[in-house]
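Asks: Provided herewith is a single structure, encoded as structure tokens, for subsequent inquiry.
Read the figures in this text as sums done on the coordinates, not as results from a lab. A quick note: this is a predicted structure, and the numbers were derived from the prediction, not measured. Please note: Cβ atoms are built from the backbone with ideal geometry, for glycine as well, and neighbour counts cover all protein chains shown.
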């Protein structure tokens, strides 16, 4: 009875230790790096404010807007 109980206790302790190490090693949830992502500002419209021509020459419209998003691994 004594040897079997020690074996069960040792097995339970090993499992508990393995689970606690796994929990400690879990990575943090990534977060968005707002300042590294151009403050998340983007636009599909570009204005040439220095232009003295008409509206059609001053405004440029793009089908896609370039968006740069960076993540911090550690938060």
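Asks: Need the full-extension length gain, residue 40 to residue 14, defined as separation in residues times 0.36 nm minus the C-alpha distance. One decimal, nm.
Replies: Result for the pair: 4.7 nm of gain on full extension.
Asks: Which of the peptides 30-36, 54-60 is most tightly packed, and how do the rest follow, going by the mean number of other Cβ atoms within 10 Å of each residue? Let's see the in-between values first.
Replies: Details: 30-36: 11.9, 54-60: 9.9.
In decreasing order of mean packing, 30-36, 54-60 become 30-36, 54-60.
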